[in-house]
1. By how many nm would the segment from residue 60 to residue 33 lengthen if fully extended, with 0.36 nm per residue of separation less the alpha-carbon distance?
2. When the Kirkwood hydrodynamic radius is evaluated over all pairs of different C-alpha atoms of the stretch 7-63, what value in angstrom, to one decimal, is obtained?
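Readers should treat all values here as calculations from the given coordinates under stated rules, not as data from a laboratory. Remember, predicted model here, so these are calculated numbers, not experimental data.
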């Protein structure tokens, strides 16, 4: 079974921000994905302009 939860990292410890139904002592594999802080650009914003001069935007709009 898998789940996605939010957690806070503080003083070297990950603290779940939601209830987690896991038996005490269970060994888990954890994937960490850092969410952008407020005001920080996310993936979409960081990719802005990446296609500039590679495609004709007007032609793309007409084809759509």
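1. Stretched out fully, the residue 60 to residue 33 stretch lengthens by 6.4 nm.
2. 16.1
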